[in-house]
1. Relative contact order (percent) for segment 38-194, with alpha-carbon contacts under 8 angstrom and 6 or more residues of separation?
2. Using a 1.4 Å probe on the protein chains only, how many percent of the accessible area of the chain belongs to carbon and sulfur?
3. Out of residues 5 or more away from residue 228 or on other chains, whose amide H comes under 5 Å of its own, with H placed 1.01 Å from N in the peptide plane?
4. Quick one: 3J(HN,Hα) in Hz for segment 153-162, Karplus 6.51/-1.76/1.60 with θ = phi - 60°, rounded, Gly and Pro as x.
5. Amide H of residue 171: which non-local residues (sequence gap of 5 or more, or other chain) have their own amide H closer than 5 Å, using H built in the peptide plane?
6. Search the structure for amide H atoms under 5 Å from the amide H of residue 106, placed 1.01 Å from N in the peptide plane, and list their residues when 5 or more places away or on another chain.
7. If you take every DSSP beta bridge whose two residues both sit in the chain, what share of them, in percent to the nearest 5, is antiparallel?
8. Output the relative contact order of the chain, whole-number percent, from Cα pairs under 8 angstrom with separation of 6+ residues.
Amino acid sequence: MIAVDIVLLAFVAAGAIPPVVGVYTFVLASVHVLHLRRETVAPVFPRVAIVVPAWNEAAVLGRTLDRLAALEYPREALRVYVVDDASTDATPELVREKAAEHPGLIFHLRREHGGQGKAHTINHGLRSIGADGWYEAILIIDADVILTAQSLRRMTRHFASEDVGAVTAYIKEGSRPENYLNRFVAFEYVTAQAVARRAQNVLGAQACLAGGAQLLTRASLEAVGARIDTSTLAEDTATTFKVQLAGRRVVFDPTAVVWAEEPRDIAGLWKQRLRWGRGNVQITRAFGRVWLRRRNGALGGIGFAAIWFSTTMMPVFMTLSSAGLLGLFAVDRSLSGHAFRLLLGVNVVTYLFITLSAISIDPVTGRRTWREAILFPGVVSLLFIAYAAYPPVFNHLKPSAAVVTAVALFAYAWQAGCMLCAALLGRLETVPVARVAVPPLLYVIGYGPLLAAMTAAAYVKELRGAEMRWEKTQKSGKIGEALR
């Protein structure tokens, strides 16, 4: 029985891995300022070719091109290539109109037979401009993003260090007017980008050049075959890994801000994150030789692997935690209670540290999203955390033994069951009379469990061998005027 207890306790402990790694990530991010002081950063203005893959983007592309034309960057060192993936809307006409407004800056590259996905579209553009020796760096962006005026010059300055091969920006959620889901995404991006990528800078290995802002030197691009990987749904992550394995560094610049419109409903977010999740599973397999191998430098380090797997394996850790608690309840009820209280104790400390730190790192976003920051794990989980933080608040209730048992079983099952509840919100959203209940229920269940549910769904899709189809996120062009 002792062996069984040890195994089950190990399962419970798995639930503490993501929050503990989260604290580790935030600690690394806190020393990022000191790390930046050691970086060689100076004004550098290479000739940059901006590649914009576009399929039926007439609703958003015009504002993107206008913002590119307004970049604080030498005009003679900038060209914009819109790679039109056989669009059937007004995209071609819009690009030609913008090209006439900005002669010598904007160029239209048309694919007559498209539909193969973003990576193929980008590669068409790279082939078209590759023979031209003009460009020294290439910036790949999405057709709907808004680059702030100084973002490109802040990215190119890192090329003052000869070992830097690629740079990425801070993608921020910019939907205006925003709704509850946009605010959750905005706070998520603080933790996933402003924090996680700062930490990765310190480690010396980046997980992903953000798809909306991938800046690579020509030498780096040619070192990885002068093309984008088409074998995965995470082509940006594949490029990031390959550049680093070729011996060049990838850097995140938190001051280079790029605004993006994100989904306004769970259905849209689910489609987007399912693609991202499947891509991460594919990358984990494709680069299996990288993990925990010192010859791959920082990319093969323990710290980088901890950050990567704490996210990609979140559903596994949550499921193991529930299984361990329920198993302990069956074999040793007292031990299960001690294990749960210890797990909750870890959650209390990590939750407070991560939430307060995230708000302090990006206080502007923190002021917008403080409710979502507090309720990120959901009201149910917060009640458990509150109990762990100060049990006397609940002691006066004096519940019966049957109630205590029922609550314990619910709490143990909730560690994984919250993912199922979050997934059901997507179904509820399709029922007209019930749709109004989705926002408050998400606050109760938690946005964190929703992200884990989408990652779990990605596992299922990959295991089933589902078709690898690029389904773009529908955008309406609702970016706040103040952000443009």
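1. 33
2. Numbers: 12900 of 20650 Å².
Answer for the chain: carbon and sulfur cover 62 percent of the accessible area.
3. Amide H to amide H, under 5 Å and 5 or more residues apart or across chains, residue 228 pairs with 123.
4. So the J values, rounded to whole Hz, are 5, 6, 6, 5, 4, 6, 6, 5, 8, 5.
5. 258
6. HN-HN under 5 Å from residue 106: 80.
7. Numbers: 10 of 35 bridges.
Looking only at bridges with both residues in the chain, the antiparallel portion is about 30 percent.
8. Relative contact order of the chain: 21 percent.
The values are calculated or read from the model by the stated rules, or taken from the named source; none is laboratory data. Keep in mind that what you see is a predicted model, and the values were worked out from it rather than measured. When we count neighbours, we look across all protein chains shown, and the Cβ atoms used for this are built from the backbone with ideal geometry, even at glycine. These accessible areas exclude ligands, DNA and RNA; they are computed on the full protein's heavy atoms, side chains included. Shrake-Rupley method; radii C 1.70, N 1.55, O 1.52, S 1.80 Å.
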